[in-house]
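Every number here is computed from the coordinates shown, using simple stated rules; none is lab data. Everything quoted here is computed from the prediction, not taken from an experiment. In this analysis, Cβ positions are derived from the backbone assuming ideal geometry, glycine residues included, and neighbour counts consider all displayed protein chains.
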Amino acid sequence: MRLLYLFLFKILGWKIIGEPPRQLKKFIIVVAPHTSNWDFFLGLATRSIQRFPANFLGKAELFRAPYGWIFRKLGGYSVDRKSSTHLVDQIVAIAKREPQFIVAIAPEGTRKAVDKWKTGFYHIALGAGIPLVFVAVDYPERKLYWSAPLQPSGSLEQDAIIIDQFFEGKRGKYRTAAKVLGN
């Protein structure tokens, strides 16, 4: 698949700026803005082109028949967004248990416009003691940007300033990303 993705990126004019932190075995990839189903395919292509292992969280509905097996095979973890299942605690436990834990999360939680991000990604990283790495999708520029790792400080308000700066000016297929804590 890598050659196909390389070919598609070339003819469609997409570029990847930066690299995943290969020295780290555990981190959370925070991807925004998430505005289109195409974002998923950009993520799969980037993972393949740059040859790094990563899983992703997806809404439970994606993992139902008849196509659920595809999302599991691609490395997806099913997330039930409708019930309070202490999801953050469950993912923290997995991150601590596994020798390698790299998972991509779209913090907006939906492709629709939102006022602010869901902050589970931050609490997972903080609880597991692992860094956050940001990937900004910029459709007008046809670029994906990797950030340097950020170890959460424990002050979401302070870290939100850094996070918002990274995503500033990046535009998804249909809109820019919401601010971490809202406008």
Next item on the list: Sticking with the crude label model, points 7 Å out along Cα→Cβ, report the distance from residue 78 to residue 115 in nm, one decimal please.
Entry: 3.3 nm
Notebook entry, point to check: So what's the gap between the Cα centers of region 147-167 and region 104-123, to the nearest angstrom?
Noted result: 14 Å
Next item on the list: Quick one: order 47, 72 by neighbouring beta-carbon count within 10 Å, fewest to most.
Entry: 72, 47
Checklist line | region 129-168: C-alpha gyration tensor shape, a/c 1.5 cut-off, then a/b vs b/c | finding: oblate
Check: Among 43, 154, 120, whose mean-square fluctuation peaks in a Gaussian network model of the chain (Cα, cutoff 10 Å)?
Finding: 154
Notebook entry, point to check: Which residue fluctuates the most in the chain, going by a Gaussian network model with Cα springs under 10 Å, if the choices are 73, 173, 118?
Noted result: 73
Notebook entry, point to check: Which residue fluctuates the most in the chain, going by a Gaussian network model with Cα springs under 10 Å, if the choices are 103, 135, 92?
Noted result: 92
Note to self: Let me check against my output: what whole-number percent is the relative contact order of region 74-183, with C-alpha pairs under 8 Å and at least 6 apart?
What the structure shows: 25 percent
Notebook entry, point to check: Binned at 5 Å from 0, what are the whole-percent values of the Cα-Cα distance distribution for the chain, short to long?
Noted result: 1, 8, 17, 21, 22, 18, 9, 3, 0
Margin query: Restricting to DSSP loop positions (anything but H, G, I, E, B) with no more than 15 other Cβ atoms inside 10 Å of their own Cβ, which chymotrypsin sites (Phe, Trp or Tyr not before Pro) remain in region 91-183?
Written below: 174
Next item on the list: Enumerate by residue number the chymotrypsin sites (Phe, Trp or Tyr not before Pro) in region 39-100 meeting two conditions: DSSP loop (anything except H, G, I, E, B), and at most 16 other Cβ atoms within 10 Å of the site's Cβ.
Entry: 67
Item checked: Rg/Rg_globular for region 77-169, with Rg_globular taken as 2.2 N^0.38 Å and Rg from C-alpha atoms -> 1.13
Notebook entry, point to check: Any idea how far apart residue 62 and residue 19 come out in nm if each label point goes 7 Å out from Cα toward Cβ?
Noted result: 2.7 nm
Item checked: Distance (nanometres) between label positions extended 7 Å along Cα→Cβ at residue 162 and residue 183 -> 2.7 nm
